[in-house]
1. Specify which residue in the list GLY475, GLY443, PHE492 is farthest towards the positive end of the charge dipole of segment 429-492, using unit charges on the beta carbon of Lys, Arg (+1) and Asp, Glu (-1), about the Cα centre.
2. Taking only the Cα atoms of the chain, how large is their convex hull per residue, in Å³?
3. I'd like the Karplus ³J(HN,Hα) series for segment 191-201: coefficients 6.51, -1.76, 1.60, θ = phi - 60°, whole numbers in Hz, and an x wherever there's a Gly or Pro.
4. Please give the charge dipole size of the chain, origin at the Cα centre, charges +1 on K and R Cβ atoms and -1 on D and E Cβ atoms. Round to the nearest 20 debye.
5. Just to verify a number: FRET efficiency for SER206 and ASP98, C-beta to C-beta distance, R0 = 41 Å, to 0.05?
6. Before rounding to the nearest 500, sum -39500 (n - 2.57) across all DSSP H runs of length at least 4 in the chain and divide by the residue total; then give [θ] at 222 nm in deg cm²/dmol.
7. Taking the Cβ of PRO134 as the center, what net charge do the other residues with Cβ under 12 Å away carry, scoring Lys and Arg +1 and Asp and Glu -1?
8. What list of ³J(HN,Hα) values in whole Hz, one per residue of segment 258-265 in order, does the Karplus curve 6.51 cos²θ - 1.76 cosθ + 1.60 (θ = phi - 60°) give from phi, with Gly and Pro shown as x?
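The values are calculated or read from the model by the stated rules, or taken from the named source; none is laboratory data. From a predicted model like this one, the values you see are computed outputs, not experimental measurements. All Cβ positions, glycine included, derive from the backbone under ideal geometry; neighbour counts span all protein chains shown. Only protein heavy atoms, including side chains, enter the accessible area calculation; ligands, DNA and RNA are left aside. Shrake-Rupley method; radii C 1.70, N 1.55, O 1.52, S 1.80 Å.
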Amino acid sequence: MNTVHILYPEHIGTINPNIYGHFSEHIGGVFYDGIWVGEDSKVPNIHGFRKELVELFAKIKPPVLRWPGGCFAETYDWRDGIGPREKRPTTVNWWYNDDGRLESNQVGTHEFVEFCSLVGAKPCFAANATTTTPMEIRNWMEYCLFPEGSTTLAQLRGQNGSPAPFDIPYWGLGNENWGGGGNMTPEDYAAVYRKYAMVCDSVARSRAFVACGPNGNSLDWTRRFFQKLFDGLDGHPNNCKIDGYAVHYYCGTAGTATQFTKEQWYELLTKAAYMEDIIVQQRGVMDSYDPQRRIGMVVDEWGCWHQGGSGPSKGYNLFEQQSTMRDAVVAGMTLNIFNNHCDKVMMANVAQLVNNLHSLFLAGGDQLVATPNYYVFDMMKEHQGAGGLRTVVEAEQAGNIAQVSASASVKDGKTLVTLVNTSYDQEAEVRLALQGGGFAGDGELVCLSAKPDAYNTFEDPQAVRPVSSKVALNGSEAVVTLPAASVCCLRF
Ligand code: AHR
């Protein structure tokens with residue numbers, strides 16, 4: 001028997017809605033044929049955006065959407081994506097060497113901002129800090145943020161159809177600058193970041209700046225970056241505008257997205273569980289430079305990275321992969337970790353929205369399917385903005401990890417507990433013990449469970465979907481049974 005203690009008196013903090021964020025890059029089939037089908041398409045669309053995707057995506061209340069990369073951002077010129085669409089240049093996409101695709105620039109700043117407003121998400125722009133200048137990124141900020149008619153760039157925005165400024169609260173300055181973003185050392189990047197932050201601050205009008213953090217859990221990158229960043233600035237974060245610090249972490253195993261052994265199941269889940277070490281250890285180093293925690297931790301790319309080719313485009317869309325129940329379990333575990341560290345994590349964006357890694361949707365032509373990951377985000381959406389409660393888990397062992405991962409939150413007197421059964425093939429009995437709280441009437445248990453390698457297809461879109469049941473709850477203890485390989489949410 002597993003026991004999950006829910007400690008009502010111990011609030012960790014408010015779960016920043018942005019922890020449930022998303023990422024969409026100009027890569028493979030994410031935009032073209034995924035999100036964007038064009039206004040003249042036979043596929044039902046809203047101003048060019050795939051209508052079914054807009055509606056389903058809006059339903060899970062996406063708080064934030066990062067764009068236009070990823071690596072793509074590091075050769076992106078924002079001026080290619082404004083003005084009449086028929087006049088926009090065709091350019092070489094950053095990923096050209098991988099898939100030979102060119103960039104039509106049909107989705108640019110105005111289109112992306114419209115997509116965000118259709119789905120109710122705030123945009124997070126990833127700015128090029130490798131192949132352009134701080135001045136050009138400052139110009140992009142001015143173009144987006146300055147009041148109607150106030151400057152020549154603000155007027156240009158108006159001529160391009162949007163007189164009112166855009167609401168873009170988050171600006172990443174660089175992406176993976178330890179790799180695709182210029183192969184920089186942490187010291188090189190800190191020097192670049194300082195310039196961008198300083199130059200852009202005057203037009204940013206208090207928007208948050210996010211710096212590129214490490215690949216996975218490189219503590220060396222973090223130490224050296226902050227050491228150099230604050231060098232000669234009296235160590236005070238306010239002397240160099242930095243509001244967020246972004247880690248990227250992907251997990252994968254040998255095997256494919258849909259074909260894996262029981263050992264590979266546990267291997268992947270062990271890698272997913274490592275997210276907790278990353279958050280705790282990275283924050284530990286950040287604390288020594290930013291003890292008052294003015295700088296938030298961001299995990300602006302996370303998810304499973306399997307071999308490509310398992311998605312409906314059969315390898316045409318770069319990195320497109322099927323998402324099985326195994327990926328949904330990784331999503332549930334990861335979001336539990338973020339909830340449990342909501343005092344540290346200010347934003348996290350799963351990579352990527354459609355036709356790519358760890359996607360919520362797969363789409364092509366007039367077809368679209370929601371993956372098991374989608375349902376995890378749907379089931380857990382009410383954690384957004386709720387008070388994170390401390391949970392203590394006494395778990396059985398499954399493979400080499402804890403059989404149960406848990407997180408809990410409370411909002412307006414309603415508690416939501418997410419329980420993940422990490423076992424490949426065994427049910428989990430879970431005793432819930434409420435400390436300082438009690439059940440008041442029946443609860444609802446919603447479970448997403450299926451064979452570990454089950455997934456949804458255009459032909460069978462509901463193979464993996466959540467099922468809801470009522471549970472009788474009384475007093476301050478209850479026992480629930482979780483199916484093997486499942487993500488369950490209990491509301492009471
Ligand atoms: O998500 C795909 C790629 O993974 C992104 O472009 C990059 O930032 C990361 O390496």
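1. The one lying farthest along the dipole's positive direction is GLY475.
2. Numbers: hull volume 67.2 nm³, N = 492.
About 137 Å³ per residue, rounded to a whole number.
3. 5, 5, 4, 4, 5, 4, 5, 5, 5, 7, 3
4. On the way: 39 positive and 54 negative charges, 158 e Å.
Here the chain has a charge dipole of around 760 debye.
5. Numbers: r = 38 Å, r/R0 = 0.92.
The pair SER206/ASP98 has a calculated efficiency of 0.60.
6. Numbers: 11 runs with 126 residues, N = 492.
It comes out at -8000 deg cm²/dmol, rounded to the nearest 500.
7. Numbers: positive: ARG138, ARG194, LYS195; negative: GLU136, ASP201.
Value of the local net charge: +1.
8. 10, 10, 8, 8, 4, 4, 5, 4
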